[in-house]
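Asks: The structure that follows is given in the form of structure tokens.
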Amino acid sequence: MTVLITGAGLLGQEVAKRLSTRGERFVVMDICQPESFPNDLPGMHFVELDVTNAEALFALAKDHDVDRIIHTAAVLSNGLRANPLLGLNVNLMGTANILELARSIQAKRTVTISSATVVYSGFGAFDAKPIPEDASLRMMSDRPRSLYAATKVAGENLGMLYRDLYGVSHVSLRLAAVIGGDTSAPSSVPGQLLSTLVTAAKAGKHCPLDNPLFHWGGTEEFVDLRDCADSVISALDADNPKQGTYTIAHSKLWTLSEVVNSVARIFGDFTCDLPDGVTTGFAGFPFQRPAASDTSAAERELEFHCKHDLDDTLSHWFTQ
């Protein structure tokens, strides 16, 4: 039988490497194959296909005897802002197509990717206790503050409904701010931030750090791309993931100044304009993080915990 991976981006590539290493047969699908994609992985078949094309998606699953699904395909925040209709179609209807496929073929397990930003809008009302997956959010006041977060809330809800109504074995992974992967042209805010800082440090130049999305007050949590991929494999294999939705994040929280100091320690001293009096959270969200996320459910039900801290991430990905 075959594992289907939707999305040939950074996470899809890391998951593909792990499936190949353990001798799985798998299909990776995306609208096109990235130049950086490792197309010689043993056990892999690549197909150019749009996740919004339900008819072709179902035919692909039948042709390759798909019995498990890993859904990473999505349009990220910048793409959604630039083209909302395209992004909403991919993120909402693409996820709906995957869940309907899982129901149709009675997939052994379907893993979809969510985001920690689904709870960011409630930060202003949380206390200092670890933030659980089942955090209380007011439907209007704490509604998602970005199109991306809105699509991820919808995806989680669809997954839980398909589990409750149709018995689909579904797991949603709520990833913290992801760092790592191909650092030549980062598309995410954390990737762009680190690339900006590392570039300045390697050149020994001043970094103005004038993009407001790179500023946050208090602390923020991150997750290495390698940990993300490992968590997907754990979710794919878990015997009894009862909770269904799990936060994936490293336990250490970081201030912006600590991130800058880490970069300087690893890549060389540089000067940087750190903002004063920032009252907002990471990537422009209105509230600062009040506490770390509770990751005990992932440790308990998926037998997973993150291994790579920020220093390890910087040393691994940004020195290549």
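The values are calculated or read from the model by the stated rules, or taken from the named source; none is laboratory data. Small disclaimer: the values here were computed from a predicted structure and weren't measured. When we count neighbours, we look across all protein chains shown, and the Cβ atoms used for this are built from the backbone with ideal geometry, even at glycine. Surface accessibility is based on the protein's heavy atoms, side chains included, excluding ligands, DNA and RNA. Shrake-Rupley method; radii C 1.70, N 1.55, O 1.52, S 1.80 Å.
Asks: Does segment 131-138 contain any residue that is open to solvent by 80 Å² or more (accessible area, probe 1.4 Å) and under 18 Å from the mean Cα position of the chain (by Cα)?
Replies: no
Asks: For P186, all conditions in the list (1) touching a Leu at 6+ places or on another chain (Cβ under 9 Å); (2) without any contact (Cβ under 8 Å) to a residue 40 or more places away in the chain; (3) assigned to a helix (DSSP H, G or I); (4) buried (at least 17 other Cβ atoms within 10 Å of the Cβ) hold save one; what is the number of the exception?
Replies: (3)
Asks: What do you reckon, is L158 within 13 Å of the chain's Cα centre (by Cα), open to solvent by 10 Å² or more (accessible area, probe 1.4 Å) and not aromatic (F, W, Y)?
Replies: Spelling it out, it is not the case that L158 is within 13 Å of the chain's Cα centre (by Cα), open to solvent by 10 Å² or more (accessible area, probe 1.4 Å) and not aromatic (F, W, Y).
Asks: I'm trying to understand the selection: among the residues of segment 274-296, which are under 20 Å from the mean Cα position of the chain (by Cα) and either crowded, with 19+ Cβ neighbours inside 10 Å or among the acidic types (D, E) (or both)?
Replies: The answer is G281, F282, A283, F285, R289, A292, S293, D294, T295.
Asks: Of the numbered conditions (1) surrounded by 15 or more Cβ atoms within 10 Å (Cβ to Cβ); (2) within 29 Å of A56 (Cα to Cα), K108 satisfies every one except a single condition; which is it?
Replies: The failed condition is (1).
Asks: Could you tell me whether Q13 is out of contact with any helix residue (DSSP H, G or I) (no Cβ under 6 Å at 6 or more places or on another chain), under 24 Å from V178 (Cα atoms) and modelled with pLDDT under 95?
Replies: So Q13 does not fit the description; no.
Asks: Restricting to segment 68-86, what's the tally of residues that are in contact with a helix residue (DSSP H, G or I) (Cβ under 9 Å, 6 or more places away or on another chain), open to solvent by 50 Å² or more (accessible area, probe 1.4 Å) and not in a helix (DSSP H, G or I)?
Replies: Summing the residues that are in contact with a helix residue (DSSP H, G or I) (Cβ under 9 Å, 6 or more places away or on another chain), open to solvent by 50 Å² or more (accessible area, probe 1.4 Å) and not in a helix (DSSP H, G or I) in segment 68-86 gives 1.
Asks: Another question, if that's okay. Take the residues in segment 218-229 that are open to solvent by 10 Å² or more (accessible area, probe 1.4 Å) and in contact with a strand residue (DSSP E or B) (Cβ under 9 Å, 6 or more places away or on another chain), then tell me which one is farthest from T295 (Cα to Cα).
Replies: In this case the residue turns out to be G218.
Yes/no per residue for (1) touching a Gly at 6+ places or on another chain (Cβ under 9 Å); (2) open to solvent by 60 Å² or more (accessible area, probe 1.4 Å); (3) over 19 Å from T295 (Cβ atoms):
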{"site": "A201", "(1), (2), (3)": "yes, no, yes"}
{"site": "G204", "(1), (2), (3)": "yes, no, yes"}
{"site": "P212", "(1), (2), (3)": "yes, yes, yes"}
{"site": "W216", "(1), (2), (3)": "yes, no, yes"}
{"site": "S231", "(1), (2), (3)": "no, no, no"}
{"site": "D237", "(1), (2), (3)": "no, yes, no"}
{"site": "Q243", "(1), (2), (3)": "no, yes, no"}
{"site": "W254", "(1), (2), (3)": "no, no, no"}
{"site": "S257", "(1), (2), (3)": "no, no, yes"}
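Asks: When you look at F37, is it in contact (Cβ under 8 Å) with a residue 24 or more places away in the chain, surrounded by fewer than 22 Cβ atoms within 10 Å (Cβ to Cβ), under 20 Å from L99 (Cβ atoms) and aromatic (F, W, Y), yes or no?
Replies: no
Asks: Could you please give the count of residues in segment 197-247 that are over 30 Å from P132 (Cα atoms) and not in a helix (DSSP H, G or I)?
Replies: Adding up the residues that qualify gives 8.
Asks: When D30 is evaluated against the numbered criteria (1) more than 27 Å from T117 (Cβ to Cβ); (2) under 19 Å from the mean Cα position of the chain (by Cα); (3) among the acidic types (D, E), which criterion, by number, is the only one it fails?
Replies: The one condition D30 does not meet is (1).
Asks: Please go through segment 161-183 and give me each residue that is open to solvent by 40 Å² or more (accessible area, probe 1.4 Å), of a type in the set (A, V, I, L, M) and either assigned to a loop (DSSP other than H, G, I, E, B) or over 29 Å from L253 (Cα atoms) (or both), ordered by number.
Replies: Within segment 161-183, L161, L165 qualify.
Asks: If only one of S20, S115 is polar (S, T, N, Q) and over 23 Å from A185 (Cβ atoms), which one is it?
Replies: S20 is the lone residue from the list that is polar (S, T, N, Q) and over 23 Å from A185 (Cβ atoms).
Asks: Starting from segment 274-296, keep only residues that are farther than 14 Å from I131 by Cβ, then list their pairs with residues that are at pLDDT 95 or above and open to solvent by 40 Å² or more (accessible area, probe 1.4 Å) whose Cβ atoms are within a distance under 6 Å, requiring at least 6 positions of separation or different chains.
Replies: L274/S257
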